[in-house]
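The structure appears below as structure tokens.
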Amino acid sequence: MATLSPLSVPLFLSLLLLLLLISAFNLADSQSFIGVNYGQVADNLPPPSSTASLLKSTSIGKVRLYGADGAIIKALANTGIGIVIGAANGEIPALASDPNSATQWINSNVLPYYPSSNITLITVGNEVMTTMDQGLISQLLPAMRNVQNALNSVSLGGKVKVSTVHSMAVLTRSDPPSSGLFNPMFQNALRGLLEFQKDTGSPFAINPYPFFAYQSDSRPETLAFCLFQPNSGRVDSGNGIKYMNMFDAQVDAVRSALNAMGFKNNEIMVAETGWAYSGDSNEVGPSVENARAYNGNLIAHLRSMVGTPLMPGKSVDTYIFALYDEDLKPGPASERAFGLFKTDLSMTYDVGLSKTSQYSVSIPSTVASESLFLSLALTASVVAPCVWCCIRSSLSLPCTLSHTHCRRGGTAPCVWCYISGFVWTGSDCGFVVVVGIFDLWWLWVALICGGCGFVVAGGFVWWTCSDCGLICGGCGWL
């Protein structure tokens, strides 16, 4: 096993500390792939100006509105936060039948605010297909075209895009992900929409909810799969890919459905996803613990920038549902318990979105224990079979987020690691995967133990080989 010379250790640690500090300040910026839904079916929401200040204190890069509230759009001016505005289902008939109506809509809801308010997308309708209203469905594409033409007429075509949002119910098959297929009854209408979106470069917006998937299959292993927690995974019988979380599986099912219709280059946007933190006594799944785990692990998953098995190398723009609870929403209690923040602007639970919490890093005060750990680690031979073990990092981050599973057979070299469902490959155990910029402090240990023997994920250190775990004293080592 390769070792570090005594002289190289302080320099190596110094360089890592420098990278850590640089990365900490970089993460203080908003992240464009992390968005939030700002619903307004409530009578207790804070003023738009307060919401704008709240959003600026987080790494949330985009906000989706279900309408086009001018006060909110104006409050977000000069923040750099991307804004999605929406035309309601009830507005579709007028937008479809009269180009002047679309022009007036743009004149009223976009031109007074753009470009100070960073409006990037207009969604025409919400889950129109699954209303089963054939008249409304037939008017959707003409409405989108008229809105696009109105944008073109004021030189905003390409700057502000036009889309619509779908529920996962537009798919007739999603398991396994490679078999993803749109319901035949929607395919003709979807083909026209997808041609339009291909020509204009707008995203196919979908609402995947592992929360609802768990409610329909409440086995413990399904919960772990939905929450990005350690699980045995699910192998796609169509292509052999092993999925480690439901989010990837659902998004890739949409990717497969698009591919099957010939739209391999159309981008996907996750318009809604989230987990309720409370619900009625007969509801399965809602809890603060589950909501924190899902949303926290999802954010870590997006920040890893690894993508999904069918769309590797980038994170799909994802809008978490929701910014606040909406106390006037009908339905079960869970419908009123998705908010990441309370209306007094405090966090419902912490998933690491605050810029302050992200760069509040606690570096160990002494090097003595680290040096002892280094000398012990240098004696390790990464040959033991894989085991699950979780060790809390010394960094000030929430105790949540990703997991790692290493495939090892006896003394055979480590070929790949699964990290929150992502596959990383390497020729042996010497490569390293670090998920989460703040975990750079542990990189030197990773280099010694080997990539598959030691991987850091979202504030946790996940040990997958028993020798590394023994060196540190098992799961209780800090």
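The values are calculated or read from the model by the stated rules, or taken from the named source; none is laboratory data. What you are looking at is a predicted structure, and each value in this text was computed from that prediction instead of being measured. Virtual Cβ from ideal backbone geometry, glycine too; neighbours counted across all protein chains shown. These accessible areas exclude ligands, DNA and RNA; they are computed on the full protein's heavy atoms, side chains included. Shrake-Rupley method; radii C 1.70, N 1.55, O 1.52, S 1.80 Å.
Extension gain for the segment Asp175 to Ser57, taken as residue separation times 0.36 nm less the Cα-Cα distance, is 38.6 nm to one decimal. Ligands, DNA and RNA are left out, and with a 1.4 angstrom probe the accessible area of segment 134-266 is 39 Å² per residue. Extent of segment 31-341 along its three principal axes (Cα atoms, max minus min coordinate, largest first): 55, 44, 36 Å. Fully extending the segment from Asn282 to Glu335 would add 17.7 nm, taking 0.36 nm per residue of separation and subtracting the current Cα-Cα distance.
Taken one residue at a time, the phi angles of segment 347-354 give Karplus couplings (6.51, -1.76, 1.60, θ = phi - 60°) of 6, 5, 7, 9, 10, x, 7, 5 Hz. Gly and Pro are set to x. Applying the criteria of a DSSP loop state and at most 15 other Cβ atoms within 10 Å to the trypsin sites (Lys or Arg not before Pro) of segment 132-226 yields Lys159. Distance from a point 7 Å along Cα→Cβ of Gln187 to each backbone N in segment 247-278: keep the residues under 13 Å and list them by number. It comes to 257-263, nothing else.
Close amide H contacts of Gly67 (hydrogens built in the peptide plane, cut-off under 5 Å, sequence separation of 5 or more or a different chain): Gly86.
Computed with a 1.4 Å probe over protein heavy atoms only, the accessible surface of segment 27-124 comes to 36 Å² per residue. Cut-off under 24 Å on the C-alpha distance; same-chain residues fewer than 8 positions from Lys62 excluded. Which lysines are left, in chain and number order? Within the straight-line cut-off, Lys62 pairs with Lys74, Lys159, Lys161, Lys198, Lys314, Lys329, Lys342, Lys355. Taking R0 as 25 Å, what FRET efficiency do you get between Ser153 and Asp69 from their Cβ-Cβ distance, rounded to the nearest 0.05? The formula returns an efficiency of 0.55 here.
Carbon-plus-sulfur accessible fraction, segment 31-341 (probe radius 1.4 Å, protein heavy atoms only): 49%.
Near Gln31, the amide H atoms lying under 5 Å from its own belong to Ile60, Gly61; only residues 5 or more places off or on other chains count, and H is placed 1.01 Å from N.
Note that segment 294-355 presents 32 Å² accessible area per residue, ligands and nucleic acids not counted, probe 1.4 Å. Fully extending the segment from Lys198 to Ser237 would add 11.1 nm, taking 0.36 nm per residue of separation and subtracting the current Cα-Cα distance.
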